[in-house]
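Working notes, beginning with the structure itself.
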Amino acid sequence: MNIQWLGHSAFRLVESTGTTIITDPYKGEMVGYDMPKGINADIVTCSHEHEDHNYLAAVDGNPTVLNQEGAFEINGVHITSMESYHDHHNGSRRGGNLIFKFRMDGVDICHLGDIGEACSIDICSQIGSVDILLIPVGGNYTIDAQTAKEFVDLLMPDVVIPMHYRTRDCEMDIDKVDSFLKLFEEEQIIYANSAIDFDRTDFDGEDTKIIVFNR
């Protein structure tokens, strides 16, 4: 399978069959930069109804849109979504958030959306086994770097890809990725320019790598 970061919390996930998923498409005016043009998908997932996470106009084609809790199988891809909170006040400030988990080519990928609640054994047990974790780290509207590290420590994924942080062109009041990276050893961090291919044999459970996509 192949993963490409499209900016903010948007990723392009492609299975070997060609089935393509876009997560949390965003409106450029909300973030400070636009999504790439010409992005097609079979499936789009939206963690919640804010325009930096549900902007369907940024995706071409006629995709199936998943924006509710449930279990789905589309084109042979198994997808589950579970409810969580967008803040640490049981959703009273920002509402709910959906966590999505995908099984593609035998690899378990978890997208935490705009999760804002504290890390707990309960929520990590609901998520279960994860090979690749896509996690917000910018704070303010989501969990911050320290809470993100707590999720990493409990879920123990092989690969962590940070998202929802301030880049050069981002205009949102969120932190840069640096605060998160400082919580890991230098040899754990890998920088990537574009998309990365993964195979189920890449995951041995021995160490956690942090992949940072350049933008």
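Results for (1) closer than 23 Å to VAL107 by Cα; (2) surrounded by fewer than 14 Cβ atoms within 10 Å (Cβ to Cβ), shown as yes or no for each residue.
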site: ILE121; (1), (2): yes, yes
site: CYS124; (1), (2): yes, no
site: THR147; (1), (2): no, no
site: ILE174; (1), (2): no, no
site: PHE184; (1), (2): no, no
Exercise. In the stretch 51-69, how many are open to solvent by less than 20 Å² (accessible area, probe 1.4 Å) and either assigned to a loop (DSSP other than H, G, I, E, B) or within 12 Å of THR20 (Cα to Cα) (or both)?
Worked result: 3
Problem set entry | Some residue of the stretch 63-86 being over 25 Å from GLU15 (Cβ atoms) and either touching a Lys or Arg at 6+ places or on another chain (Cβ under 9 Å) or hydrophobic (A, V, I, L, M, F, W, C) (or both) | yes
Problem set entry | Yes/no for ILE161 being touching a helix residue (DSSP H, G or I) at 6+ places or on another chain (Cβ under 7 Å) and under 19 Å from TYR26 (Cβ atoms) | no
For this session: Would you mind listing the strands (runs of 3 or more DSSP E) fully within the stretch 81-190 where at least 1 residues are under 18 Å from ASN67 (Cα atoms)?
Result: 96-104, 107-111, 132-136
Exercise. Can you name the number of the only condition in (1) exposed (fewer than 13 other Cβ atoms within 10 Å of the Cβ); (2) of a type in the set (S, T, N, Q); (3) touching a strand residue (DSSP E or B) at 6+ places or on another chain (Cβ under 8 Å) that THR208 fails?
Worked result: (1)
For this session: State all residues of the stretch 38-57 that are in contact with a helix residue (DSSP H, G or I) (Cβ under 8 Å, 6 or more places away or on another chain) and aliphatic (A, V, I, L, M); if no residue qualifies, say none.
Result: ILE39, VAL44
For this session: Consider GLY70 carefully, then state whether it is on the phi > 0 side of the Ramachandran plot, without any contact (Cβ under 8 Å) to a residue 12 or more places away in the chain and of a type outside the set (Ser, Thr, Tyr).
Result: yes
Problem set entry | Which listed residue, of ILE161, ILE189, ILE135, is at pLDDT 95 or above and open to solvent by 10 Å² or more (accessible area, probe 1.4 Å) | ILE189
For this session: Residue by residue through the stretch 2-18, note down the ones that are in contact with a Gly (Cβ under 9 Å, 6 or more places away or on another chain) and surrounded by fewer than 19 Cβ atoms within 10 Å (Cβ to Cβ).
Result: THR17
For this session: Please state which one of VAL107, VAL130 is open to solvent by less than 40 Å² (accessible area, probe 1.4 Å), over 28 Å from GLY32 (Cα atoms), touching a strand residue (DSSP E or B) at 6+ places or on another chain (Cβ under 6 Å) and β-branched (Val, Ile, Thr).
Result: VAL130
Seminar exercise, completed: Expected output for the stretch 195-215 (first residue closer than 15 Å to GLN4 by Cα, partner part of a loop (DSSP other than H, G, I, E, B), Cβ below 6 Å, 6+ apart or cross-chain) is PHE198/MET1; ILE210/PHE184; ASN214/ASN193; ARG215/THR167
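The values are calculated or read from the model by the stated rules, or taken from the named source; none is laboratory data. Computed from a predicted structure; not experimentally measured. For neighbour counting, all protein chains shown are included, and Cβ atoms are generated from backbone atoms with ideal geometry for every residue, glycine included. Side chains included, ligands, DNA and RNA excluded: accessible areas come from the protein's heavy atoms. Shrake-Rupley method; radii C 1.70, N 1.55, O 1.52, S 1.80 Å.
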